[in-house]
1. State which residue is surrounded by the most Cβ atoms within 10 Å (Cβ to Cβ) when the search covers only the range 1-38 and only residues that are of a type in the set (Lys, Arg) and in a loop (DSSP other than H, G, I, E, B).
2. Take the residues of the range 39-71 that are among the hydroxyl-bearing types (Ser, Thr, Tyr) and outside any helix (DSSP H, G or I): which is farthest from residue 140 (Cα to Cα)?
3. Being modelled with pLDDT of 95 or more and within 21 Å of the chain's Cα centre (by Cα): is that true of residue 85 here?
4. What is the residue count in the range 225-242 for residues that are over 10 Å from residue 255 (Cβ atoms) and either outside the structural domain of residue 92 (by TED's automatic domain parsing) or assigned to a strand (DSSP E or B) (or both)?
5. Pick from 304, 275: which is surrounded by 15 or more Cβ atoms within 10 Å (Cβ to Cβ), among the charged types (D, E, K, R) and at pLDDT 95 or above?
6. Considering only residues that are under 22 Å from the mean Cα position of the chain (by Cα), surrounded by 11 or more Cβ atoms within 10 Å (Cβ to Cβ) and either farther than 13 Å from residue 266 by Cα or not assigned by TED's automatic domain parsing to the domain that holds residue 222 (or both), which ones fall in the range 278-301?
7. Quick one: is residue 204 within 21 Å of residue 348 (Cβ to Cβ), within 19 Å of the chain's Cα centre (by Cα) and surrounded by fewer than 20 Cβ atoms within 10 Å (Cβ to Cβ)?
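The values are calculated or read from the model by the stated rules, or taken from the named source; none is laboratory data. Model, not experiment: these values are computed from the prediction. Cβ coordinates were reconstructed from backbone atoms using ideal geometry, including for glycine residues, and neighbour counts include every protein chain displayed.
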Amino acid sequence: MKAFDAIVLGVGTMGAATCWRLAERGMRVLGLERFDIPHSMGAHHGHSRMFRLAYSEHPDYVPLLRRSLMLWEGLNERSTLRPFVRTGAFYAGLPDSETVRGSLAAARMHGLAHRAMTSAEIQAEYPQFTLPNGYEGVFEPSAGYIVPEHAVAAMTTEALGRGATIHAREQALSWSSTRDGVSVTTEQGEYHASRLVVCCGAWTGRIVSELGVMLRVTRQILGWVRPKQPDRFELGRFPCWAIEDSDQSVFYGFPIQPSHPGLKLARHFPGPATDPESLDRNGATIADEESFRPGLRRFLPQGDGPTLAMAICMYTMSPDSHFIVDAHPAHPNVSIACGFSGHGFKFAPVVGEIMADLVEHGRTDLPAGFLGLGRFRSTCQ
């Protein structure tokens, strides 16, 4: 039986990136995906994911984002799919909101190109918006969006072109680890490798135990509407955007893309808990419109047109809403990337690089220590 240097469980967002970065180093890689590549069963569908450098969640993410941007731009040069689209983006809210305060702090700390804007300046430049009194904003010219389906396909193509073995529609049933290596049993056989990388998204809690943290999977709604004047919202005339509401949730959206007639928006806030095995992906209802429709009425009334489409995806929430990228605490030859909490897609290439470092060297020089499992152990002591 063929042995591998690494087996990657899950060839979605982070798994495709990991297979790509490992294969690029000449390693023998097997990627196992239970669904299609790409697919709409997890969190990497929906035509767009925002990319931003002025990271309100924490400035420590910015060095990783800079590396990720370089890799996205490199992928654009090599792939005809060109998954990254630069549009610029603005982020708005009250001056002390995390969205505004955090974006400005990250931009200033890391010397990122940005422009602080009053609500009047935002509305003069983008009259599609209506902002409450007292709101302020930050415009970031380097921001844009990634087409997730194109990104996963492009990263998988890069991996295959460098010799990776990828099996779709093959579910991993179990895995085991010893000092000599790892074994994975699937519906079709057993595979062996020196190391295992787990990138199973919402299924991580079922695949991996002994992490010492609880991952919560939530149901999230994406919506597409048709504005009365759609040309005002088209790519080239309208940016990506994120606006924090009074309840600290964030409405965000994108320009109308050439591949979809709708104006997309969603609400960034953990939805109700769900199970990835039983979630009805086609079960979006009229009531689900209320997850995003208030954002249209309040901030984007010119876009408040009829709904064209809705989609259901999932967040996999860590306890502190930050990523988990580390070695398994009980199995040093097993690495895990999970808990991306609804804001991880933009990091995919650099997460793949971190995982490749862990496979090849057992450590990484990239500044990802703040994403390790040790932060949870220290808070419990």
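1. Going through the qualifying residues, I end up with 34.
2. Checking each candidate, the answer is 40.
3. Yes.
4. 2
5. None of the other options fit; the residue is 304.
6. 279, 281, 284 - these are the residues of the range 278-301 that are under 22 Å from the mean Cα position of the chain (by Cα), surrounded by 11 or more Cβ atoms within 10 Å (Cβ to Cβ) and either farther than 13 Å from residue 266 by Cα or not assigned by TED's automatic domain parsing to the domain that holds residue 222 (or both).
7. When the stated conditions are applied, residue 204 does not pass them.
Residues checked against (1) farther than 19 Å from residue 61 by Cα; (2) out of contact with any Lys or Arg (no Cβ under 8 Å at 6 or more places or on another chain); (3) not hydrophobic (A, V, I, L, M, F, W, C):
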site: 320; (1), (2), (3): no, no, yes
site: 323; (1), (2), (3): no, yes, no
site: 339; (1), (2), (3): no, yes, yes
site: 352; (1), (2), (3): no, no, yes
site: 362; (1), (2), (3): yes, yes, yes
